[in-house]
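Here is the structure we will look at, set down as structure tokens.
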Protein chains: 2
Amino acid sequence: MTRIDNARVIRAPHGSTLSAKSWLTEAPLRMLMNNLDPDVAEKPTELVVYGGIGRAARNWESFDRIVAALKSLESDQTLLVQSGKPVAVLPTHADAPRVLIANSNLVPHWGTWEHFNELDRKGLMMYGQMTAGSWIYIGSQGIVQGTYETFAEMGRRHYGGDLAGRWILTAGLGGMGGAQPLAAVMAGASCLVVECQPSRIEMRLRTGYLDVKAESLDEALTIIERSCAERKPLSVGVLGNAAEIFPELFRRGVRPDGVTDQTSAHDPVNGYLPQGWTLAEWEAKRDADPKAVAAAAKRSMVDHVKAMLDFHRAGVPTVDYGNNIRQMAQDEGLDDAFAFPGFVPAYIRPMFCRGIGPFRWAALSGDPADILRADEAVKALLPDDKHLHNWIDMAQKRIKFQGLPARICWLGLGDRHRVGLAFNELVARGEISAPIVIGRDHLDSGSVASPNRETEAMMDGSDAVSDWPLLNALVNCASGATWVSLHHGGGVGIGYSQHSGMVIVADGTPEAARRLARVLWNDPATGVIRHADAGYELAQQCAREKGLIMPSLG
Amino acid sequence: MTRIDNARVIRAPHGSTLSAKSWLTEAPLRMLMNNLDPDVAEKPTELVVYGGIGRAARNWESFDRIVAALKSLESDQTLLVQSGKPVAVLPTHADAPRVLIANSNLVPHWGTWEHFNELDRKGLMMYGQMTAGSWIYIGSQGIVQGTYETFAEMGRRHYGGDLAGRWILTAGLGGMGGAQPLAAVMAGASCLVVECQPSRIEMRLRTGYLDVKAESLDEALTIIERSCAERKPLSVGVLGNAAEIFPELFRRGVRPDGVTDQTSAHDPVNGYLPQGWTLAEWEAKRDADPKAVAAAAKRSMVDHVKAMLDFHRAGVPTVDYGNNIRQMAQDEGLDDAFAFPGFVPAYIRPMFCRGIGPFRWAALSGDPADILRADEAVKALLPDDKHLHNWIDMAQKRIKFQGLPARICWLGLGDRHRVGLAFNELVARGEISAPIVIGRDHLDSGSVASPNRETEAMMDGSDAVSDWPLLNALVNCASGATWVSLHHGGGVGIGYSQHSGMVIVADGTPEAARRLARVLWNDPATGVIRHADAGYELAQQCAREKGLIMPSLG
Ligand SMILES: NC(=O)c1ccc[n+]([C@@H]2O[C@H](COP(=O)([O-])OP(=O)(O)OC[C@H]3O[C@@H](n4cnc5c(N)ncnc54)[C@H](O)[C@@H]3O)[C@@H](O)[C@H]2O)c1
Ligand SMILES: NC(=O)c1ccc[n+]([C@@H]2O[C@H](COP(=O)([O-])OP(=O)(O)OC[C@H]3O[C@@H](n4cnc5c(N)ncnc54)[C@H](O)[C@@H]3O)[C@@H](O)[C@H]2O)c1
């Protein structure tokens, strides 16, 4: 079993020549490879895409076998992938998914990092995160719009919609966290990001997600102050440990206009540098004594969350950004860790009620022109959505493509299938040079149960009910998505979430059109239904408007 | 929300007149109703089918709405059921399942009885058990067959497949345990059952599950000896306490040919009579001092398990029959309690390796003649399977139908789809009067992760990996099963299992034939694959023989 192979450099084929037998199998092939593109993945030689140890395949042998299986897969066969390992090819039919994936799932009583890590070490599992193991990660852009929307909503909620002269304090410049500085600046705010790894800061500078690097905390604060005074939003990275710098800032009397955090606190062994440790120590001990690392990391998280609580109590809008840091601190004895809210109940749920979430697509051709043509089509299809037009314009300007060119747009029920059908038309007419692959994050309206994040504080108390993501996966499978996945532990870590992924190919055929119409309707519909069932008036209204059949809704 | 309605008496319609729009929707309608037939369900007015609080629908309002939704469901629509409540009807296609079900699923960290009960009380969930919430329970025939297969496998493993002249020692004549004497005799062995309550012995005699009652241990042994000498299998019940009689038998030098136990050891307060206690004392103290009862019961279990260990070491095949008695004895300080195995690793796993498990079907017509015709067809299709013929003959003779006539036969990969296609032909030709519905228990080869039962002691340590049942559900959905379900907590309780159900209708159409061929191949195939992947040689051999494509199998 080979987990690290430094000789490997994977990039998806570009162009319109197939290496598999159809676009329906070429698509998962290219998207798997794209997930491991050095411009996309965090540690491609270890098969790690993002989010701690979120992998695209269990090991290099499995990767090679998945590639081989996809290349020979027929149009009436389906490949089964179990925690990143290809376990079977079975006969199905043309309208069935070509790939079915289950990653990191554990029977609840054994659903702990401890048991998971044991299985992972034995080579029996891998951590799939959300879009890592389900092959629809598109780099930091994937989270930019969500983060942008969140920060913008923070501005609307607390600062009359104007973030000029304001700044946000956060930490973590990883796969997801790296979107924060750019999103903040797009939303009109300056941003100070604490990051403990120099390489991460360099990467975000290089890709244009981060504006400048400060050599010290003092310098960082000076830059922030100046940018705020000049009302010229700027992002600043500073090397350091958030568990030290957050409390230090609070002690100094510094008061940001918003506070959050995107270190990988959800994974205390691999994701969070304990305070006082060097990176070398951290790396060595993760293998030698993972328990000691986790214990030290969690102790540091207590200090980190204590500082966040201080900011919260001082009136600074403070949210948990979905990394489970409150739970970790509470487990360590910090009883009031949940005193500040998660970002979903704070800002995102009203969108989920209408099935709106991180919809995305990628050009299998590799040609950026295809995405620009798709951008145009989306704008034409939704001519009155000024907000969306602004987003696309800004994204075109500020976001560098990583790997296969892609675009993310938060769209909801009623819009997604229309966009999908429009793309299919463009492919059919040759206006887009090769098929478009359409998917979404697992962090979406109907696809996840995660009581510390997406389903925190549901109004009926059904936060932990995971029937919903399972039904979502089943209905996407029944509707003809090209690949469907069921994961456990994404975002908030093993034990804390269950969620499903969906990807579908627009290859320009009429069959694809029928599938797109079903899948891109049903997928967001399950989100509207889940929220309507929980009692959200906004969702019930949406369900009625869209004519959803809900037998138990009065 | 109405959970109890004593006025309700539900029975499935019989005959070939549809109340829904097609047999694909009539089938789930009738099977849901059949699960609540007073001849089938334990507490039908409470919607409880079996297994503690295993329900068919969340409440009576949900039941009525499911019925209404099924009656109007079109051939390209799918009904979504969330923990027994119908939540949506969505557009799919003709080859997709008509119903998708998710019951009792909880995000692992919240996967406890405590949290479940809270949601259940609030009306947000129901406990689906296995076949209760997935509408394919067929009464006690299933228990008899499972026990029969276990004993038969004991015979194959240790006695060249011939149990003539052999006998099994066990205890417990309760709801499940009462099937033991009948199953043993069907498998060709005599059986001595120790039971501490006279009423239980009488009940099994009355229903024909037990042949005779002995007045003393000496008489019991004489009867057993004679029946073995004459090679005429006979079951004998004897009143007594297993914790006394098992050691006594060992001391006397008696050596049965197999030893097991189905007292309710899993529940030391209510399920196991301490040695030396009268039934009256037991009953009184259960209320007055439950802790004292549990302590005394567990001390007795130590003696009981010690005797089982003695038999085991003396070379007598000895197994735990899923009542947790080893755990109880170990908790009391008997360190080597787990020296003898559970029944799944001991006897059932080799069958699981070949995809063999509790396959079953029911006649939607309600006509017993349809099942007899199907019995014939199965025998004709598998002319050399003496064991199967024996089961069918004995079942016809000794097992009464409950609700819609049904048959259970443990069949594996390669046989199931042939049987399904044969039934479809018989329906097409009118030799069976209405469609046949075909399904299985969730306790099957590829459909369950349950580390204390079905996946105990997997050879690679993957007991708790639940990717497998999720893949099983997805592939059944992709293959065109008529309804597919994903459950949590069946058998061993909330937190301890995840499992999936599958039911498919043979309505005599060519479309059904194509779906049957796929589903009834792929469903057991996932079981073979799961076991082959875990390293079982038998499964790997089966996979090769059947030509399964397993990309990671050398
Ligand atoms: N809110 C959302 O929508 C969302 C979406 C996906 C993921 N997440 C969560 O956000 C977190 C970050 O995700 P990611 O993909 O960026 O992870 P990542 O592992 O790629 O990045 C985490 C970064 O935090 C840095 N870090 C670790 N400990 C630190 C410390 N003590 N001080 C300063 N920096 C430290 C690491 O060096 C790394 O660069 C994860 O927990 C993830 O689950 C949130
Ligand atoms: N193997 C399986 O597939 C499987 C399936 C379901 C249940 N079980 C387990 O099997 C056990 C029995 O189930 P059940 O439904 O028959 O339970 P039950 O409670 O209906 O019956 C238990 C019987 O054991 C008798 N008994 C108790 N203590 C005794 C003693 N010391 N000596 C002799 N007899 C004694 C009781 O009088 C009772 O008749 C349970 O623990 C159950 O969980 C196993």
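The values are calculated or read from the model by the stated rules, or taken from the named source; none is laboratory data. None of the values given here were measured: they were computed from a predicted structure. Positions of Cβ are backbone-derived with ideal geometry, glycine not excepted, and every protein chain shown enters the neighbour counts. Please note that ligands, DNA and RNA were not included when accessible areas were found on the heavy atoms of the full protein model with its side chains. Shrake-Rupley method; radii C 1.70, N 1.55, O 1.52, S 1.80 Å.
Quick notes
- Residues of segment A:312-333 satisfying the condition of being of a type in the set (A, V, I, L, M, F, W, C) and either more than 16 Å from ligand 1 (Cβ to nearest atom) or within 14 Å of chain B (Cβ to nearest Cβ) (or both): A:Ala314, A:Val316, A:Met328
- Taking the listed residues A:Arg251, A:Arg200, A:Arg231, A:Arg166, the one that is among the basic types (Lys, Arg), at pLDDT 95 or above and within 14 Å of ligand 1 (Cβ to nearest atom) is A:Arg200, with no other qualifying.
- Among the residues of this structure, B:Arg226 counts as one that is more than 9 Å from ligand 2 (Cβ to nearest atom), over 24 Å from the mean Cα position of the chain (by Cα) and of a type outside the set (A, V, I, L, M, F, W, C).
- Among the candidates A:Ala292, A:Ala265, A:Ala288, residue that is more than 16 Å from ligand 2 (Cβ to nearest atom), of a type in the set (Gly, Ala, Ser), assigned by TED's automatic domain parsing to the domain that holds A:Gly177 and surrounded by 14 or more Cβ atoms within 10 Å (Cβ to Cβ): A:Ala265
- Complete set of residues in segment A:432-445 that are open to solvent by 10 Å² or more (accessible area, probe 1.4 Å) and of a type in the set (S, T, N, Q): A:Ser433
- Taking the conditions (1) in a loop (DSSP other than H, G, I, E, B); (2) within 14 Å of chain B (Cβ to nearest Cβ); (3) over 27 Å from A:Arg514 (Cβ atoms) in turn, A:Glu74 satisfies each one other than (3).
- Selection status of B:Ser466, crowded, with 24+ Cβ neighbours inside 10 Å, within 16 Å of ligand 2 (Cβ to nearest atom), at the interface with another protein chain (Cβ under 7 Å from one of its Cβ atoms) and within 20 Å of the chain's Cα centre (by Cα): no
- Residue list for segment A:183-205, filter: assigned to a helix (DSSP H, G or I) and either open to solvent by 10 Å² or more (accessible area, probe 1.4 Å) or over 22 Å from A:Gly271 (Cα atoms) (or both): A:Ala183, A:Ala184, A:Val185, A:Met186, A:Ala187, A:Pro198, A:Ser199, A:Arg200, A:Glu202, A:Met203, A:Leu205
- Summed over segment A:77-95, the residues that are within 7 Å of chain B (Cβ to nearest Cβ) and not in a loop (DSSP other than H, G, I, E, B) give a count of 10.
- Among residues that are more than 12 Å from ligand 2 (Cβ to nearest atom), open to solvent by 20 Å² or more (accessible area, probe 1.4 Å), of a type in the set (Gly, Ala, Ser) and under 30 Å from B:Thr17 (Cβ atoms), B:Ala369 is included.
- Here the condition is being open to solvent by less than 10 Å² (accessible area, probe 1.4 Å), within 10 Å of another protein chain (Cβ to nearest Cβ) and under 22 Å from the mean Cα position of the chain (by Cα); of B:Ile101, B:Ile168, B:Ile66, it holds for B:Ile101 alone.
Per-residue answers, yes or no, for (1) of a type in the set (Ser, Thr, Tyr); (2) within 14 Å of another protein chain (Cβ to nearest Cβ); (3) touching a His at 6+ places or on another chain (Cβ under 8 Å); (4) open to solvent by 10 Å² or more (accessible area, probe 1.4 Å):
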position: A:Arg418; (1), (2), (3), (4): no, no, no, yes
position: A:Leu426; (1), (2), (3), (4): no, no, no, no
position: A:Gly430; (1), (2), (3), (4): no, no, no, yes
position: A:Ser447; (1), (2), (3), (4): yes, yes, yes, no
position: A:Ser462; (1), (2), (3), (4): yes, yes, no, no
position: A:Leu470; (1), (2), (3), (4): no, yes, no, no
position: A:Leu474; (1), (2), (3), (4): no, yes, no, no
position: A:Asp507; (1), (2), (3), (4): no, no, no, yes
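- Test result for A:Ala422, within 25 Å of A:Thr147 (Cα to Cα), away from every other protein chain (no Cβ under 14 Å) and away from ligand 2 (no atom under 16 Å from the Cβ): no
- Of all residues in segment A:519-552 being in contact with a His (Cβ under 7 Å, 6 or more places away or on another chain) and over 18 Å from A:Asp460 (Cα atoms), the one that is surrounded by the most Cβ atoms within 10 Å (Cβ to Cβ): A:Leu520
Conditions tested, residue by residue: (1) in the same structural domain as A:Asn105 (by TED's automatic domain parsing); (2) crowded, with 24+ Cβ neighbours inside 10 Å; (3) among the small types (Gly, Ala, Ser).
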residue: A:Ala377; (1), (2), (3): no, no, yes
residue: A:Lys400; (1), (2), (3): no, no, no
residue: A:Gly414; (1), (2), (3): no, no, yes
residue: A:Trp483; (1), (2), (3): no, yes, no
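- Failed criterion for B:Trp282 (all others in (1) buried (at least 18 other Cβ atoms within 10 Å of the Cβ); (2) free of Cβ contacts under 8 Å to residues at least 12 places away in the same chain; (3) assigned to a loop (DSSP other than H, G, I, E, B) hold): (3)
Matching residues to (1) open to solvent by less than 20 Å² (accessible area, probe 1.4 Å); (2) under 28 Å from A:Gly253 (Cβ atoms); (3) in a helix (DSSP H, G or I):
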residue: A:Asn270; (1), (2), (3): no, no, no
residue: A:Ala296; (1), (2), (3): yes, no, yes
residue: A:His304; (1), (2), (3): yes, yes, yes
residue: A:Gly315; (1), (2), (3): no, yes, no
residue: A:Arg326; (1), (2), (3): yes, yes, yes
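- Test: residue in segment A:169-189 that is touching a residue at least 60 places away in the same chain (Cβ under 8 Å), in contact with a helix residue (DSSP H, G or I) (Cβ under 8 Å, 6 or more places away or on another chain), over 26 Å from A:Ile136 (Cα atoms) and near ligand 1 (Cβ under 6 Å from one of its atoms): no
- Checking B:Gly146 against (1) buried (at least 24 other Cβ atoms within 10 Å of the Cβ); (2) over 29 Å from A:Leu548 (Cα atoms); (3) more than 7 Å from every other protein chain (Cβ to nearest Cβ), the condition it does not meet: (1)
- Residue selection: A:Ala132 fails the criterion of being under 27 Å from A:Ala449 (Cα atoms), open to solvent by less than 10 Å² (accessible area, probe 1.4 Å), assigned to a loop (DSSP other than H, G, I, E, B) and more than 16 Å from ligand 1 (Cβ to nearest atom).
- Taking segment A:476-495 as the range and being in contact with a Lys or Arg (Cβ under 8 Å, 6 or more places away or on another chain) and either at pLDDT 95 or above or within 7 Å of another protein chain (Cβ to nearest Cβ) (or both) as the test, the residues that pass are A:Ser479, A:Gly480, A:Ala481, A:Thr482, A:Trp483.
- Subset of segment B:349-366 (residues that are open to solvent by less than 10 Å² (accessible area, probe 1.4 Å) and among the hydrophobic types (A, V, I, L, M, F, W, C)): B:Met351, B:Phe352, B:Cys353, B:Phe359, B:Trp361, B:Ala362, B:Ala363, B:Leu364
- Any chance B:Gly51 is within 14 Å of chain A (Cβ to nearest Cβ), within 25 Å of the chain's Cα centre (by Cα) and under 17 Å from B:Met126 (Cβ atoms): no
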